[in-house]
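The values are calculated or read from the model by the stated rules, or taken from the named source; none is laboratory data. Keep in mind the model is a prediction, meaning the values are calculated, not measured. Cβ placement follows ideal geometry from the backbone for every residue including glycine, while neighbour counts extend to all protein chains displayed.
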């Protein structure tokens, strides 16, 4: 039986960001959609534990962790121009990283086949020593290193389809040959990183794969890079676990970017990832929520992702397709990435 888990806890709502785009209404919309659709009853609830400081230190500097704790103790404030903390944010961030770890443990011990950590604050912009882009601790990166350390995996892969490049995840594993990081992202766009020639260093050369897409890319372009670049890259790496930084801000209605992906497009990406995991690592997938700021698009896309994980064939798209526009030509981009990473 295909068991799919989800991590959620009300503690995530204590990260109080007010009218900020990354706010508690995002998770409330997702949970409401899962309840309304009846999907929640088909999923296994995985309760998170707070990450220990030693687990945060898998990725983050100790003085950075102490600084975040102190900001929360003093009542919160801005960590940079875009990343805000409230008094409850430190606890929420501990449980966000811990939730991703709990998802890994549940998948690796066979409690569930796959799991989606519905957590906030998100994580993929957080570097070892700096908060960025709404992110405090790098949940998926911490969970990946936990998988390697606790479960004895030789290799893990992270696929990041958030519309923004996960600069923090790239920084965490740029010199680590045990983790493959693959990112699709709008370029140029925040945070300005993620060029093709950023491929990893030393023994990790070639394990960092950036797919910097021009604005206006939609389902067809994403499916092309997933089938022609991501699939052969992950198959060549042979990971024991696939983790996903699941950001849904490439949806065509999202106001923080300029892509044209639909709910069914995200379902197709999830389907390709599931096919990879089924063939490579016994179906073991752990997803962590990143971006996605249009509530209906976010909730619908997460619902579609769960349906794919459960094996459902019918995917509903409440928002439909974007206005017909000229699609960007990505031929030269795909060719350049294939050449850079020996995929020709």
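Looking only at residues that are over 23 Å from the mean Cα position of the chain (by Cα) and in contact (Cβ under 8 Å) with a residue 60 or more places away in the chain in the range 32-75, which one is nearest to residue 133 (Cα to Cα)? Talk me through it step by step, then tell me what you get.
Initial filter on the range 32-75 (over 23 Å from the mean Cα position of the chain (by Cα)): 36-38, 41, 62-63, 66-67, 69-75.
Narrowing the set further to residues that are in contact (Cβ under 8 Å) with a residue 60 or more places away in the chain leaves 37, 63.
On the way: 37: 31, 63: 20 Å.
If we take residues in the range 32-75 being over 23 Å from the mean Cα position of the chain (by Cα) and in contact (Cβ under 8 Å) with a residue 60 or more places away in the chain, then 63 is nearest to residue 133 (Cα to Cα).
For residue 39, indicate whether it is on the phi < 0 side of the Ramachandran plot and surrounded by fewer than 20 Cβ atoms within 10 Å (Cβ to Cβ). Step through it out loud before you land on a result.
On the way: on the phi < 0 side of the Ramachandran plot: yes; surrounded by fewer than 20 Cβ atoms within 10 Å (Cβ to Cβ): yes.
Yes: the conditions hold for residue 39.
Out of all the residues in the range 299-316, which are in contact with a strand residue (DSSP E or B) (Cβ under 6 Å, 6 or more places away or on another chain) and either surrounded by fewer than 24 Cβ atoms within 10 Å (Cβ to Cβ) or on the phi > 0 side of the Ramachandran plot (or both)? Walk me through how you get there before you give the answer.
Within the range 299-316, the subset in contact with a strand residue (DSSP E or B) (Cβ under 6 Å, 6 or more places away or on another chain) is 309-310.
Scanning the range 299-316 gives a single hit, 310.
Considering only residues that are without any contact (Cβ under 8 Å) to a residue 60 or more places away in the chain and buried (at least 23 other Cβ atoms within 10 Å of the Cβ), look in the range 249-265 and name the one that is farthest from residue 335 (Cα to Cα).
263
Among the listed residues 178, 156, identify the single one that is surrounded by fewer than 22 Cβ atoms within 10 Å (Cβ to Cβ), closer than 27 Å to residue 344 by Cβ, in contact with a helix residue (DSSP H, G or I) (Cβ under 7 Å, 6 or more places away or on another chain) and in contact (Cβ under 8 Å) with a residue 12 or more places away in the chain.
It is 178.
Any residue at all in the range 209-222 that is farther than 22 Å from residue 302 by Cβ, surrounded by 19 or more Cβ atoms within 10 Å (Cβ to Cβ), in contact with a helix residue (DSSP H, G or I) (Cβ under 6 Å, 6 or more places away or on another chain) and in contact (Cβ under 8 Å) with a residue 12 or more places away in the chain?
So far as the range 209-222 goes, yes, one or more of its residues are farther than 22 Å from residue 302 by Cβ, surrounded by 19 or more Cβ atoms within 10 Å (Cβ to Cβ), in contact with a helix residue (DSSP H, G or I) (Cβ under 6 Å, 6 or more places away or on another chain) and in contact (Cβ under 8 Å) with a residue 12 or more places away in the chain.
Report, by residue number, each residue of the range 145-166 that is more than 20 Å from residue 227 (Cα to Cα), over 12 Å from the mean Cα position of the chain (by Cα) and at pLDDT 95 or above.
Of everything in the range 145-166, those that are more than 20 Å from residue 227 (Cα to Cα), over 12 Å from the mean Cα position of the chain (by Cα) and at pLDDT 95 or above turn out to be 145, 146, 147, 148, 149, 150, 151, 153, 154, 155.
Condition check ((1) within 23 Å of residue 103 (Cβ to Cβ); (2) not in a helix (DSSP H, G or I)) across all residues:
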site	(1), (2)
227	no, no
255	no, yes
267	yes, no
274	yes, no
287	yes, yes
291	yes, yes
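Kindly indicate whether any position in the range 235-243 is closer than 19 Å to residue 341 by Cβ, crowded, with 19+ Cβ neighbours inside 10 Å and under 18 Å from the mean Cα position of the chain (by Cα).
Yes: the range 235-243 contains one or more residues that are closer than 19 Å to residue 341 by Cβ, crowded, with 19+ Cβ neighbours inside 10 Å and under 18 Å from the mean Cα position of the chain (by Cα).
Would you please list the contacts, defined by Cβ atoms under 9 Å and residues six or more apart or on different chains, that run from a residue in the range 281-298 that is at positive phi to a residue that is in a strand (DSSP E or B) and at pLDDT below 95?
Correct list of pairs: empty, since none qualify.
Among 222, 248, which is the only one that is touching a strand residue (DSSP E or B) at 6+ places or on another chain (Cβ under 9 Å) and part of a loop (DSSP other than H, G, I, E, B)?
Numbers: 222 fails: part of a loop (DSSP other than H, G, I, E, B).
After ruling out the rest, the residue left standing is 248.
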